[in-house]
Structure formats: C-alpha cells, structure tokens
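Where a number appears in this text, it was derived from the coordinates with a stated rule and is not lab data. Everything numeric in this text was worked out from a predicted model, so none of it was measured. Neighbour counts run over all protein chains shown; Cβ positions are idealised from the backbone, glycine included.
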C-alpha cells in the first residue's frame, strides 16, 4: 500500500485516496474537432517511469492534488497543490 | 526443425517414461530482414505467427520477446475461458476463440489441457440478477450457451459453495456457461511456439525492441533491437501492458492505461472445486488446477503501474471474498502471489487492427481477460496483417473507434478481473 502525502492533510495510506489519472489534461473548446476531443478523452501517455498524475483525498479534505510517481518503482517523488496554470 | 516429434499414444510409448524429450522449438537468432515481425512472444503473438504461417503462407516471420517465451501475462493469468459476453461484437470475437479452443490440442498436436468444466458467475444483488439474466438472453440469441441457475442448482453444480441466506452477500442465482473452463497457459504458449517453429517461424528470446524505424513516407521499414536492426515492412505489436511504450517508438499515443493485476495459488489439495467460479460483487474468481492448487484471481491496483507486483491489501480483500464464498477453504495456505501488467481501454474491449502508421499493426487492450481469446485473437490478427485490412470479426475493434465514438462497452464483463 502506498503512503501518499496529501498537500493539505499530510501522509495517509493509499486507501484514503482515489486515483485521478494523468494530470495536466486541458479540456478543449466545445468547437474543437473530433481528433482533439478524442485525444483529450481517451489518449494517455501511460509512461513506464516518471508519471504526472492526480489523486483525490476522498474521505479527507476531498481535494484533488498533483503527484509525481515512478510507475516502475511506485516511488512518489513529489505531491503538490493544484495551482493556476 | 520441420521434423518435430508427432505426439501420439504410440510415440509416448516408444519414447518411454522418465527420459528427457528433445527441445520442441528452435531458439533462433535474428536474420537481417523478415516479411513480418511480431513483437511479443506471448500466447497472442505466437498464435498470430502460427496462423500467418499456416493460413496465409507467410513463413518469413520473426517473433521477438524482451524476455522469455510466455513469460508475461501468458504465464501470469488464471487461465479462464468463456465467451458469454453481452455485446454482439464481443460475443462473436470470444465465441470465435472458444470454437478454436475446442480443437486446439488436435490442431497443434500439443495438449493444451482445455477443460470445459463450466464457468459459474454468481449474482449477489438484484442488479446482478438483472444483468446476468440479460447476458443469458443475449447469449441465447447469439447462439452461445449460457443458462440461469437458482441458488440450489448452483450449489448442486458446485458443492463447496456457501449459498446460505445469512451471509453478507447471499447468492441470488448464477449464470453458467458449460463450455467455459480452463486450459494450461504454458502449454498454449509452447504449443503455438512449437507449431509455428515447425512452419519456419523464428522465435527470438531476450531480444528487446528499442525502436521502430520509418521511411520518408512514414511507413515502417524495420525495428531496432538489442540484437541489432531488423528490416521489415510489417510489424505487429502484441505487447499487452507495454503496448503504450512500444507504440510510442512510432510516435503513436494509445487509449490505454496499464495496471498491475494480481493472482495467487494455494497449497495443492485433492479435487474440491469442480468448475470455475466468478463473482463480480465480492470481487473474486477461483478454479482448481490439475496440480490441485486453487488458482485465485485478485483485483487490479487503482493506479497505473508497471511494477509486476501490486499491493498486498488487494490480495487480502480477494481472500476475504473467497473465504466468504467457500468457508471450507479458510484454512488453506497460500503458496505464491504475483502480478502482471494489463492494458485497459476506456470501453474495456480490445484493440485489434491497423494504426495511423502504414505497416504497423496492433493487438492490445485485452485488459484483465485476454487469455480466453488467445486462439481467436491470433487468428483474426494474422488475417488482418496478411491482407492489410481488418478481419470482419476484428473490424469493430479498430483503433479509430475512439475517434468515431463506436465503443464496445464491456465494463459489466470486466467489473471483476476475468
């Protein structure tokens, strides 16, 4: 079980969190073409190695935050609050 | 090795007990070029090479693997075979595979130990009952066997099952596919490898693909490997959990996420479980191997990962569910657990077919349930590569459905790893 550090609440066990998938996906404009929408909805980097992802501290503060984790070792190198882009 | 042993009762007698058999397939070294290169020597990749050679006359094939043959998900799954899927496209695909399973040992002249002992899928809630009855009716319309059992009938079919009404999730009934069952996973990989090798296919182990070369027109011209470059005009990627990584070498982003899926086996015991039992609601599935071990499938971790391990709490939840379904199994010791990396798609259906890169084909996205499809998957993927256009059964599973929106939603089938 991972030990994940919520930027608001501190380190907590993995089963207090919901995985939120790849971070940094930007919702396209409604007028964007099918390929842009398809990429936003379905295409993922799915890297073997360093991964920028989101987690949500569901039963705690309930907030989403960013996390950098290595998908081979599962080691988390950083968690941070979601800020303005 | 075109003159491999023809196995029969007589050949077993002649060979005698206790003697070592010859190697059944050639461990090849790469040539400078091939007509087709298959990346991934798991069941699906080896089956693809076999059907390319046998049905399409293409013998100039290399199957490359970064590790050893059948060492990925082929050697890590729980060997369940069934075809009782809801959507017509899926039912056609998995039934195509099931029909090939029924005669596969004869086709390959290699015993894959296909055992149609029945797959029992338990319903614990009103919603489960509705969903499974819908599956039963849909399957009957598709000509696929699937029947509804009452709790008493389920108990009669699978005596160790606890169908008492005072458990946390009482069993309300079950769907049974009698033609479903299990096969010996290693034998499937070895059988296809042996048959493909006999037809001239080169199987090259410990040969990782590190790049996909493309010409000025964008088409595939070859692959870079740890054993040197190989020229080819057609590459079939069959790399399960690592598909995103391999496809990225050709600049193609995939609608995939890779998760660790766990399984475990108990100490071997005398025959206690006559069929395969699956439960989506309590999240468990179980069968007994010919060695006597109970083979138990766990869930996936919630986060994407390539660590072939997975969290221990996932296994613990699975065992809690197994102990509830089968109180008599509570004192069994577990021998081993392990993880495999499964590639899941947004609609939980596989991707089989062409890609935006000419000459590059992909067969992936089988998620938690690819083993059952092995013969069918290889068969239609071979036809797709040979003709350069999707086999009719493969056509709905093309990559461009994520652009057109024509999804094949099988999330109900994959609510539990299968």
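Shown is the FRET efficiency for residue B:130 and residue B:68, computed with R0 = 41 Å from the Cβ-Cβ distance and rounded to the nearest 0.05: 0.35.
Taking 7 Å steps out from each Cα toward its Cβ at residue A:68 and residue A:37 produces label points 3.5 nm apart. When only Cα pairs below 8 angstrom with a gap of at least 6 residues are kept, chain B shows a relative contact order of 22 percent. Taking 7 Å steps out from each Cα toward its Cβ at residue B:213 and residue A:9 produces label points 5.4 nm apart.
When a footprinting reagent is the concern and you count Cβ atoms within 10 Å, what order do B:278, B:113 take, fewest first?
Working: B:278 23, B:113 18.
In order of increasing Cβ crowding within 10 Å: B:113, B:278.
Going by a ≥ b ≥ c, the root eigenvalues of the Cα gyration tensor, does segment B:213-346 fall in the rounded group (a/c under 1.5), the prolate group (a/b larger than b/c) or the oblate group? Because a/c hits 1.5 or more and a/b exceeds b/c, segment B:213-346 counts as prolate. Per-residue ellipticity at 222 nm, computed for chain B from helices alone with -39500 (n - 2.57) per DSSP H run of at least four residues, works out to -8500 deg cm²/dmol.
Over all alpha-carbon pairs in segment B:323-373, figure out the percentage whose distance exceeds 15 Å.
Working: 839 of 1275 pairs.
Roughly 66 percent, once rounded to a whole number.
Determine, at each q value in 0.09, 0.15, 0.17 (inverse angstroms), the log₁₀ of I(q)/I(0) that the Debye formula gives when each Cα of segment B:79-238 is one equal point scatterer. Here the Debye-derived log intensity ratios amount to -0.50, -0.91, -1.01.
Neighbour counting of Cβ atoms within 10 Å sorts the residues A:3, B:256, fewest neighbours leading, into A:3, B:256.
How would chain B be classified by its alpha-carbon gyration tensor: rounded, prolate or oblate, with rounded meaning a/c under 1.5 and the a/b versus b/c comparison settling the rest? Prolate, because a/c is 1.5 or more and a/b exceeds b/c.
Computed on segment A:45-85, the Cα convex hull volume stands at 85 Å³ per residue.
Based on the Kirkwood radius over alpha-carbon pairs, what is the Stokes-Einstein translational diffusion coefficient of the protein assembly as shown at 20 °C with 1.002 mPa s viscosity, in µm²/s? Write out the running numbers ahead of the final one.
Values: Rh = 23.8 Å.
This corresponds to a translational diffusion coefficient of 90 µm²/s.
Computed from the Cβ-Cβ distance with R0 of 60 Å, the FRET efficiency linking residue B:9 to residue A:78 stands at 0.40. Across peptide B:301-314, the mean count of Cβ atoms from other chains lying within 10 Å of each residue's own Cβ comes to 6. Shielding of peptide B:244-253 by partners, expressed as the average count of other chain Cβ atoms within 10 Å per residue Cβ, is 2. The antiparallel fraction among DSSP beta bridges confined to chain B stands at about 70%. Scaling against 2.2 N^0.38 Å puts the C-alpha radius of gyration of segment A:3-81 at 1.23. Peptide A:43-54 has a mean shielding of 5, counted as Cβ atoms of other protein chains within 10 Å of each residue's Cβ. Once both labels are positioned 7 Å from their Cα atoms along Cα-to-Cβ, the gap between residue B:162 and residue B:32 label points is 6.8 nm.
Taking the number of other C-beta atoms within 10 Å as the exposure measure, put B:334, B:407 in order starting with the fewest.
On the way: B:334 14, B:407 17.
Placing the least packed residue first, the sequence is B:334, B:407.
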